[in-house]
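Peer 1: After the structure tokens below, expect a handful of questions from me.
The values are calculated or read from the model by the stated rules, or taken from the named source; none is laboratory data. This is a predicted model, so every value here is computed, not measured. A quick note on method: Cβ atoms are made from the backbone with ideal geometry, for glycine too, and the neighbour counts reach across all protein chains shown. Just so you know, the surface numbers come from the protein's heavy atoms only, side chains and all, with ligands and any DNA or RNA stripped out. Shrake-Rupley method; radii C 1.70, N 1.55, O 1.52, S 1.80 Å.
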Amino acid sequence: MATASVAFKSREDHRKQIELEEARKAGLAPAELDEDGKEINPHIPQYMSSAPWYLNAERPSLKHQRKWKSDPNYTKSWYDRGAKIFQANKYRKGACENCGAMTHVSKACMERPRKVGAKHTNKHIAADEKVETFELDYDGKRDRWNGYDSSTYARVIERYEARDDARKKFLKEKQLEKLEKGDQNDEGAAIDEAEDDDEDDLRVDEAKVDESKQMDFAKVEKRVRTTGGGSTGTVRNLRIREDTAKYLLNLEVNSSHYDPKTRSMREDPLPEADPNEKFYLGDNQYRNSGQALEFKELNIHAWEAFDKGQDVHMQAAPSQAELLYKNFKVMKEKLKSQTKETIIEKYGNAADEDKLPRELLLGQSERQVEYDRAGRIIKGQEAAIPRSKYDEDVYINNHTTVWGSWWKDHQWGFKCCKQTIRNSYCTGAAGIEAAEAASDLMRANIARKEAAAEDPTPAEDKRPATWGTDVPDDLVLDDKLLADALKKEDQRKREEKDERKRKYNVRWNDEVTQEDMEAYRMKKVHHDDPMSKFMN
């Protein structure tokens, strides 16, 4: 209910107000009138009908919901296109350097760039344009026909009138030609024939008027969405309306999936139908055949070329990418043929040189072959020897026999050289003699070792050598002095490893006894000893 500013009401007045509103909604009481005498719909919510407090409304009204503020600055006029206000005779400071007008700068100049600008020539100064500024209201800013000149529609009318005049003129000329060519007896037939060809003549005439104007008749104007918002674009209708939609070809639940957003059905909706009778095989059929497959290969080539360092981009420079792909295919075929020619030149071409005999090509011969009832050969052809799936009679490494032609001591080998190693080189008779000599020597060594094991000789007591490898016969060492010498040698080695254990007062003794030399020799590390790394 439209009310004035809310004032304090008692409980009784509030109850009466609610009852009156209910009666107005039910149609039992007349509707409330605003200050203009118009009825107010009782079903309007209170938050819409109540006027703001700052309006100080005394009577109920819906004026606050309408546009009650009027701005006198709003206008519906439009720019005066092409109007000029002043024509200068010489260049003025701050004017356009190109044309000399004061209403714009050289960056926004719409004239053709002069070789030498008006600033330097001081000639042909352009007139100043009429610059206007309008403050349009909400509807004026969004009016797509704002500033439209209705006189421009006369061009459309003139074009259609010219087409009609040309049509009538053309028909009249055709009828006159038919009358002149025909005889007096066939005059009626000629007139009928001219009337039958009227429709074709009209089409030819329309093409004569203006071919460019007739190209848009086969298009359908639709509202299409773009990235910058809604815009009117031209969309061609490529599908005949009598054709069955692809999502209606197979109505089973588990048939090919149809995506209504992209209008795509990738799989074949009727895979069991006859291919000759189907007109739609799914989007994958078109995607993997024809020019779509060539375009896919072109994209892949552009990606691979970009990864390898080529400055090529399919979207930025499609012509360059396609030319590069064509050159790549030509070079590939050229390289393939060159490689083939090189191989044929080096190894020959058995397919061209060794041509099969005519008898084998035709499959005929003069040989007589007899068969029994089971299909077995009785006479006329020898039984073919079955061949193994392995290579036969292949000799490697100069061998004259195959591997496995010799057996000895549970080992396979070659019979020509009696070797048991598969990849060995053939040594012939000399190798056999050397192998026999080696085996004889090995057997003699084994026999001598067995004889020595049966009769062991007593081992001689080896005495340590003091002054070299020759041990003197009269050498006598004291065991106690030798033990002391070994202890001194161990202490000397520890001092060499860690100098902190060496004392300040060092006494040096130049006297070397036989026990000291023996202890040095026993503790000395021989580098050629294989156990030297495990000592200490």
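Peer 1: If I filter the range 34-43 down to residues being at negative phi and not acidic (Asp, Glu), which single residue comes out as surrounded by the most Cβ atoms within 10 Å (Cβ to Cβ)?
Peer 2: Here the residue is Pro42.
Peer 1: Within the range 279-303, restricting attention to residues that are open to solvent by less than 40 Å² (accessible area, probe 1.4 Å) and in a loop (DSSP other than H, G, I, E, B), which residue is farthest from Glu322 (Cα to Cα)?
Peer 2: Taking the candidates together, the pick is Tyr280.
Peer 1: Within the range 110-154, which residues are open to solvent by less than 50 Å² (accessible area, probe 1.4 Å) and among the aliphatic types (A, V, I, L, M)?
Peer 2: Ala118, Ile125, Ala126, Ala127, Leu136, Ala154
Peer 1: Consider only pairs whose beta carbons are under 7 Å apart and that are at least six residues apart or on different chains; among these, list those whose first residue lies in the range 399-422 and is small (Gly, Ala, Ser) and whose second residue is open to solvent by 100 Å² or more (accessible area, probe 1.4 Å).
Peer 2: These pairs meet every condition: Gly404/Trp412; Ser405/Lys415.
Peer 1: Hey, among Leu248, Leu270, which residue is loosely packed, with under 11 Cβ neighbours inside 10 Å and free of Cβ contacts under 8 Å to residues at least 24 places away in the same chain?
Peer 2: The match here is Leu248.
Yes/no per residue for (1) within 30 Å of Lys67 (Cβ to Cβ); (2) of a type in the set (A, V, I, L, M, F, W, C); (3) in contact with a helix residue (DSSP H, G or I) (Cβ under 6 Å, 6 or more places away or on another chain):
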site: Met102; (1), (2), (3): no, yes, no
site: His124; (1), (2), (3): no, no, no
site: Arg142; (1), (2), (3): yes, no, no
site: Ala154; (1), (2), (3): no, yes, no
site: Glu158; (1), (2), (3): no, no, no
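Peer 1: Something else about it: I'm checking my understanding of the structure. Among residues of the range 44-59 that are in a helix (DSSP H, G or I) and closer than 24 Å to Ala26 by Cβ, which one is least open to solvent (accessible area, probe 1.4 Å)?
Peer 2: Result: Ser49.
Peer 1: In the range 503-514, which residues are more than 27 Å from Leu477 (Cβ to Cβ) and at pLDDT 65 or above?
Peer 2: Lys503, Tyr504, Asn505
Peer 1: Still on this structure, I have one more. What's the total number of residues in the range 173-183 that are among the basic types (Lys, Arg) and loosely packed, with under 10 Cβ neighbours inside 10 Å?
Peer 2: 1
Peer 1: Still on this model: Can you tell me which of (1) of a type outside the set (Ser, Thr, Tyr); (2) at pLDDT 90 or above; (3) part of a helix (DSSP H, G or I); (4) open to solvent by 70 Å² or more (accessible area, probe 1.4 Å) is the one Arg167 doesn't meet?
Peer 2: Against the list (1) of a type outside the set (Ser, Thr, Tyr); (2) at pLDDT 90 or above; (3) part of a helix (DSSP H, G or I); (4) open to solvent by 70 Å² or more (accessible area, probe 1.4 Å), Arg167 comes up short only on (4).
Peer 1: Just give me the residues in the range 304-327 being among the hydrophobic types (A, V, I, L, M, F, W, C) and either surrounded by 14 or more Cβ atoms within 10 Å (Cβ to Cβ) or in contact with a Phe, Trp or Tyr (Cβ under 8 Å, 6 or more places away or on another chain) (or both), in sequence order.
Peer 2: Hits for the range 304-327 are Ala305, Phe306, Val312, Met314, Ala317, Ala321, Leu324.
Peer 1: Something else now. If we keep just the residues of the range 52-85 that are within 58 Å of the chain's Cα centre (by Cα), small (Gly, Ala, Ser) and over 26 Å from Tyr138 (Cα atoms), which is modelled with the lowest pLDDT?
Peer 2: Gly82
Peer 1: For Ala88, are the conditions met, namely being surrounded by 13 or more Cβ atoms within 10 Å (Cβ to Cβ), outside any loop (DSSP other than H, G, I, E, B), of a type in the set (A, V, I, L, M, F, W, C) and at pLDDT 90 or above?
Peer 2: no
Peer 1: Let me ask something else about it. What about Tyr258, is it modelled with pLDDT of 80 or more, open to solvent by less than 90 Å² (accessible area, probe 1.4 Å) and either touching a helix residue (DSSP H, G or I) at 6+ places or on another chain (Cβ under 8 Å) or of a type in the set (Ser, Thr, Tyr) (or both)?
Peer 2: Yes; evaluated as a whole, the condition is true for this residue.
Peer 1: Does Asn98 fit the bill of being touching a Pro at 6+ places or on another chain (Cβ under 9 Å), farther than 30 Å from Lys141 by Cβ and without any contact (Cβ under 8 Å) to a residue 60 or more places away in the chain?
Peer 2: Taking the combined requirement at face value, the residue satisfies it.
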